[in-house]
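Enquirer: Handing you this structure, nothing more for now.
The values are calculated or read from the model by the stated rules, or taken from the named source; none is laboratory data. On a predicted model such as this, the values are computed, not experimentally measured, just so you know. When we count neighbours, we look across all protein chains shown, and the Cβ atoms used for this are built from the backbone with ideal geometry, even at glycine. Surface accessibility is based on the protein's heavy atoms, side chains included, excluding ligands, DNA and RNA. Shrake-Rupley method; radii C 1.70, N 1.55, O 1.52, S 1.80 Å.
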Amino acid sequence: MSYALLDRLFKLQANGTSVKSEIIAGMTTFAAMSYILVVNPGILGLSGMPVAGLITVTALAACLGSLLMAIMTNYPVALAPGMGLNAFFTFTICMGREVPWDAALGIVFWNGVLFLLLTLTGVRTKIAESVPPSLKVGVQCGIGLFIAFIGLKNAGLVVDNPATFVSLGDLSDPAVLLAFAGILLTIVVVMRNITGGILLSIIVLSIIGAFIPIENGFLTQHPDSVFGLPDPISDTFFAMDIWYPIEHFSQTWDLIFALMFVNMFDTIGTLIGVSRRANLLNDEGRLPKIGSAMTADASASVVGAALGTSPVTSYVESAAGVSAGGRTGLTAIVTALCFLFALFLTPLMKVIPLMATTPALIMVGILMMDSIRQLDFDDLGALATASVALLAMPLTFSISEGIALGFITYVVTMAGSGRYKQVSKLTYVLALVFLLRYIFNLK
């Protein structure tokens, strides 16, 4: 493909970039977010999904989602199955509510369809404006704590205790000690702004694990080969039960809403943050094609459900590519191609142990806590709303419960302080619905 054609398709000169810069940026974005190839299958596998093929599903979902964003918006934003959303899928829907994984994929499908309809009709904007900032902060930080808690649990650093509920794990266990060292390593490499730092820590821990003996060999099993064909996805491809959410609407409506809520604000925050770095915002501080970007995001979730994964969303790691010079959709296309090429390293990815991926979960959780500084600590109502939401998620092991309790707390504190007129009608309705769900135990 000639440079002139690429320039015409992606408006490279108009955006002050070049093919070389876009290729480097795309590879940089991939390096920053490629950890999802091993982390996502590890989380989804706990839901009961067939493990074989989940690496392929994750890569294909990331590839197709990134292509959709590039084609529909020409923005340098890559997509993949979202962290937090995959935890919601496994721990809240499948394990918490005991929903079969194929039915959970049906919930993901309808979440994407609803998200798409709300975007196309403009209702999404009204919903986004009606949600208080304190609740947005509480949800994002709560998901961060939830993901970090899962990482600590999977690493064996936190274990159950009948007296105190949780306690410190056995640090004399080599695997647990390796995970703890990995957490510290990951924090350091991210602090030093090393591109692909999370992936680098996974690789280092996996190599060390190859020398740590366990009962059946080594912590990191030796791969049969370095390169190989990707696993088939026949076990999950179009395995979603799209009728389950309709047939069990009273048990699934809040899960669909919670998924949409988290996906919506995660996407908006990511798009605005990445676009600000890429100087894509207009004079009013708005993203010109945010409707198209949200449409691409919602469509990617529908495609992801058909492939067999949790919701697909925009990745904040795209900022790494933007920092490397990415300005157009060509960056996202390069990232998409990198995900395809990575599939031929499946034999290596399959031997990466759980202990090597847990620091990635904890690091992502830490980074999500960044939004806490947006909270108005002088407003007790806002502080209470955010605190209830962010504490409820890890302590109840449910993102949806944190959202529900956050809505109720916000309405009660605003009404109690005499500021009830500042609460939108939609927020009142949602808080009442959640309250009635608890009163009548509608789960």
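Enquirer: Determine the calculated [θ] at 222 nm for the chain from helices alone, applying -39500 (n - 2.57) to every DSSP H run no shorter than 4 residues and normalising by the residue count; nearest 500 deg cm²/dmol.
Expert: After summing the helix terms and dividing by the residues of the chain, the value is -20500 deg cm²/dmol.
Enquirer: Might you work out the accessible area of Met369 for me, using a 1.4 Å probe with all protein chains in place, and round it to the nearest 10 Å²?
Expert: 50 Å²
Enquirer: With N denoting the number of residues in region 153-254, provide Rg(C-alpha) divided by 2.2 N^0.38 Å, to two decimal places.
Expert: 1.57
Enquirer: Using alpha-carbon positions, what is the distance between the centroids of region 126-156 and region 336-367, in Å?
Expert: Centre-to-centre (Cα) distance: 22 Å.
Enquirer: Projected onto the charge dipole of region 88-222 (+1 at Lys/Arg Cβ, -1 at Asp/Glu Cβ, origin at the Cα centre), which of Val123, Ala179, Asn154 gives the Cα projection farthest towards the positive end?
Expert: Projecting each Cα onto the dipole axis, the largest value belongs to Val123.
Enquirer: Taking the mean number of other Cβ atoms within 10 Å as a proxy for protection, how do you rank 48-60, 310-322, 415-427 from highest to lowest?
Expert: The most tightly packed comes first, giving 310-322, 48-60, 415-427.
Enquirer: With unit charges on the beta carbons (Lys and Arg positive, Asp and Glu negative) and the dipole taken about the Cα centre of the chain, which residue among Ile107, Ala298, Thr396 sits farthest to the positive side?
Expert: Ala298
Enquirer: So what's the net charge close to Ala155: Lys and Arg +1, Asp and Glu -1, counting the other residues with Cβ under 13 Å from its Cβ?
Expert: -1
Enquirer: Oh, and also: For a quick size check, give me the Cα extents of the chain along its three principal axes, largest first, whole Å.
Expert: 63, 61, 45
Enquirer: Give the dimensionless ratio obtained when the Cα radius of gyration of region 257-306 is divided by 2.2 N^0.38 Å.
Expert: Dividing the Cα Rg of region 257-306 by 2.2 N^0.38 Å gives 1.23.
Enquirer: Determine, for the chain, the count of lysine pairs separated by eight or more sequence positions (or lying on different chains) whose alpha-carbon distance falls under 20 Å.
Expert: Lysine pairs satisfying the spacing and distance rule in the chain number 8.
Enquirer: What translational D, rounded to a whole number of µm²/s, comes out for region 15-160 from Stokes-Einstein when the hydrodynamic radius is the Kirkwood one over Cα pairs, at 37 °C and 0.692 mPa s?
Expert: In µm²/s, the coefficient is 187.
Enquirer: Rounded, prolate or oblate: which fits region 325-412, taking a ≥ b ≥ c as square roots of the Cα gyration tensor eigenvalues, rounded meaning a/c under 1.5, else prolate when a/b beats b/c?
Expert: Prolate is the answer for region 325-412, as a/c is 1.5 or above and a/b outweighs b/c.
Enquirer: Taking 7 Å along the Cα-to-C-beta vector as the label spot, tell me the Asn161-Lys11 distance in nanometres, rounded to one decimal.
Expert: Inter-label distance under the simple model: 5.8 nm.
Enquirer: Based on Cα positions only, what radius of gyration and what Dmax would you give for region 173-309, in angstroms?
Expert: Every Cα atom of region 173-309 included, Rg and Dmax give 21.4, 62 Å.
Enquirer: Full-extension gain between Arg276 and Gln374, please, as 0.36 nm times their residue separation minus the C-alpha to C-alpha distance.
Expert: 33.6 nm
Enquirer: Then there is this: Which value, in debye to the nearest 20, describes the size of the charge dipole of the chain about its Cα centre when Lys and Arg Cβ atoms bear +1, Asp and Glu Cβ atoms bear -1, and nothing else is charged?
Expert: With only Lys, Arg, Asp and Glu charged at Cβ, the dipole is about 1140 debye.
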